[in-house]
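**Student:** Sharing a structure here in structure tokens format.
The values are calculated or read from the model by the stated rules, or taken from the named source; none is laboratory data. The structure displayed is predicted, hence computed values, not measured ones. Because the Cβ atoms are built from the backbone with ideal geometry, glycine has one as well, and the counts that use them run over all protein chains shown.
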Amino acid sequence: MTTARTKPLSTSHSAPQAQRAPLLGILHSRRLWLGMLGWSVALLIFFPIFWMVLTGFKTEAEAIAEPSLIFSPTLESYDAVQNRAGYAKFALNSVVVAFGSTLLALLIAIPAAYAMAFLPTRRTKGTLLWMLSTKMLPPVGVLVPIYLLFRDVGLLDTRTGLVIVYTLMNLPIVVWMLYTFFKDMPKDILEAGRMDGAGTLQEVLYLLLPLTLPGIASTGLLSVILSWNEAFWSLNLTSSQAAPLTAYIASFSSPEGLFWAKLSAASTMAIAPILVFGWLTQKQMVRGLTFGAVK
Amino acid sequence: MPPSRPFTVTDMNKTRTSGRTVGGLRSLSLQAPAVSLLLLWMLIPLGMTLWFSFQRYNLLMPGMTGFAGLENYEYLFTDPALWSAMGTTLLMVGWVLAITVVGGTLLAVLFQQEFMGQGIARVLAISPFFVMPTVSALVWKNMMMHPANGVLSWVAELFGLPAVDWFSSLPLTSIIIIVAWQWLPFALLILLTALQSLDEDQVEAARMDGAGPIAIFFFITLPHLKRAISVVIMIEMIFLLTIFAEIFVTTSGGPGLATTNLAYLIYIRALLDFDVGMASAGGVIAIILANIVAIFLVRMVARNLES
């Protein structure tokens, strides 16, 4: 609240010596209070994740006992999840589906975004907005037809089926995000390349892609995150064979499957890589999530 | 597309040099895979949902098929479950929006300030957004909200308060808390980004004129965030209208219909009752609701695209 005043203080290096000391004192205490407030809020929000990680290192008995920070950490839940529950199979499904759909989406989206950014026609804006609007279609509205179609062509409970759904689910976001990154690229460089006789393919492969690699990478990461965490289609379209981690974790919800330490160990492994991806791309992600409406 | 519409091509020729028209064709062919796939992805299921919604089609009764007219809609609209589900959906969306938008704005202002380790604190605060919904729901249900051994009941006991059996006595509130915990970081992330483009000089000038921090918040910060806030509201609405996994792994829509929202009701009708016709009619309603929100969002993005 009172912090709005900290800025001029910190920049007023030219203040007279006599005034400086008390002002700095106030500044420091304000920062201290702010820091304490900021950190308490952050830790409070993060607490359930922290608690889950901690519980993963407890025994089942300790996990359901009175909450406690003091225990001797054990890896037995991790062992149990990996060796007996077949965690690897579900993790592999998640990896294949998330990365497969992301690669496919990038492959389809890069030419489209290139065309929209560098060869715009009068329809480009309309196409972009229409793509955005397909994202607004609630999945539950098309659950029945997709389920029946998948049943009829044998795509139920297959990784291919999920890859198809996730590719199409993320395609609008991927096109949009790539479009905003391509648009930010100086056109002169591509122009110069064309002067030197580069064809479209060479232009894309040797100029555009290397220069916009950070943007493409964060687009890909966002797509991986969204596919990895997707739980509507994975719960409805898979059962035992192609179930990714979201569906596997859901199997802990049955009363006979209630093992908190194992649930925690499995959950920690399931979210750890995505949490790191999220931390890495948080800034660029805003573009993709808001379709460039907030930068 | 251009050959079948010579009008547009000649139209384009007027304003562009002939070389650009070739570019237009190339542009279209490069976009073709993405556009046609999305078109199929949209039209086929949409058409089928619409078609099924007028059909008598139950997978358990294969003999009874045929045109049903508005029968499915009639059943749906006279079914008390629909109205209960609509109310639940509204409560979920409304409460989560209120919590995340107000909380997100305040947190964004807080995390915008400079303090020790603010970068790390920020990262911790946005983390829940990256946790898969089945994990967050189960962690909250078991380790946080368990009536006997959950952290919340332990905290309540510490203060001498009675423990709350969250999911039996306050099922909807429990789900709202979980979903709000997931989406608060989203609002924070977007609003924090928007705050970074706030003109410091303007704030400075207001301060010189004697504006206090509260006045600055209401007259400068909040107006600056107006657009970002509406983007957050619309995007969240679209996703919150169809919350599913959180309900699926915690309450399965119960007790009774207490936590059955529109998405979950459609799921029950479709994959548990196998009533394709009725579920499709529900799907059509969900699509219409989402589109009402979507129109505003698309308009806003379009305006942004112009500038």
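For (1) assigned to a loop (DSSP other than H, G, I, E, B); (2) under 26 Å from residue A:186 (Cβ atoms); (3) touching a residue at least 12 places away in the same chain (Cβ under 8 Å), each residue gets a yes or a no:
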{"site": "A:88", "(1), (2), (3)": "no, no, no"}
{"site": "A:100", "(1), (2), (3)": "no, no, yes"}
{"site": "A:109", "(1), (2), (3)": "no, yes, yes"}
{"site": "A:121", "(1), (2), (3)": "yes, yes, no"}
{"site": "A:130", "(1), (2), (3)": "no, no, no"}
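**Student:** How about segment A:239-277: which of its residues are touching a Ser or Thr at 6+ places or on another chain (Cβ under 8 Å) and over 19 Å from residue B:140 (Cβ atoms)?
**Tutor:** Within segment A:239-277, A:241, A:242, A:243, A:244 qualify.
**Student:** In the list A:232, A:259, A:252, which residue meets the criterion of being assigned by TED's automatic domain parsing to the domain that holds residue A:178, aromatic (Phe, Trp, Tyr) and without any contact (Cβ under 8 Å) to a residue 24 or more places away in the chain? Quick ask: steps written out before the conclusion?
**Tutor:** Details: A:232 fails: without any contact (Cβ under 8 Å) to a residue 24 or more places away in the chain; A:259 fails: without any contact (Cβ under 8 Å) to a residue 24 or more places away in the chain.
Answer to the check: A:252.
**Student:** If you don't mind, another one. Give me the residue from segment B:169-205 that is hydrophobic (A, V, I, L, M, F, W, C), touching an Asp or Glu at 6+ places or on another chain (Cβ under 9 Å) and closer than 17 Å to residue B:127 by Cβ and, out of that set, nearest to the other protein chains (Cβ to nearest Cβ).
**Tutor:** B:186
**Student:** If you go through segment B:221-238 one residue at a time, how many are within 14 Å of the chain's Cα centre (by Cα) and without any contact (Cβ under 8 Å) to a residue 12 or more places away in the chain?
**Tutor:** The total comes to 0.
**Student:** Does residue B:298 satisfy being in contact with a Ser or Thr (Cβ under 9 Å, 6 or more places away or on another chain) and either within 10 Å of chain A (Cβ to nearest Cβ) or not in a helix (DSSP H, G or I) (or both)? Break it down into steps so the answer makes sense when it comes.
**Tutor:** On the way: in contact with a Ser or Thr (Cβ under 9 Å, 6 or more places away or on another chain): yes; either within 10 Å of chain A (Cβ to nearest Cβ) or not in a helix (DSSP H, G or I) (or both): yes.
Here the answer is yes, as residue B:298 does meet what is asked.
**Student:** List every residue pair whose Cβ atoms sit under 7 Å apart, with the two residues 6 or more apart in sequence or on different chains, where the first one lies in segment B:75-86 and is farther than 14 Å from residue B:269 by Cβ and the second, anywhere, is in a helix (DSSP H, G or I).
**Tutor:** Going by the 7 Å Cβ cut-off, the qualifying pairs are B:86/B:262.
**Student:** Give the residues of segment A:245-290 that are more than 10 Å from the chain's Cα centre (by Cα) and of a type in the set (Ser, Thr, Tyr), sorted by residue number.
**Tutor:** Answer for segment A:245-290, where residues must be more than 10 Å from the chain's Cα centre (by Cα) and of a type in the set (Ser, Thr, Tyr): A:246, A:248, A:251, A:253, A:254, A:264, A:267, A:268, A:290.
**Student:** Suppose we filter B:265, B:271 for residues that are touching a Phe, Trp or Tyr at 6+ places or on another chain (Cβ under 8 Å), assigned to a helix (DSSP H, G or I) and within 11 Å of chain A (Cβ to nearest Cβ); which single one remains?
**Tutor:** After ruling out the rest, the residue left standing is B:271.
**Student:** Out of (1) within 14 Å of another protein chain (Cβ to nearest Cβ); (2) more than 28 Å from residue B:268 (Cβ to Cβ); (3) buried (at least 19 other Cβ atoms within 10 Å of the Cβ), the odd one out for residue A:200 is which?
**Tutor:** In the conditions (1) within 14 Å of another protein chain (Cβ to nearest Cβ); (2) more than 28 Å from residue B:268 (Cβ to Cβ); (3) buried (at least 19 other Cβ atoms within 10 Å of the Cβ), residue A:200 misses (3) alone.
**Student:** Sticking with this structure for a sec: Looking only at segment B:185-205, count every residue that is within 25 Å of the chain's Cα centre (by Cα) and of a type in the set (Val, Ile, Thr) and tell me the total.
**Tutor:** Count: 2.
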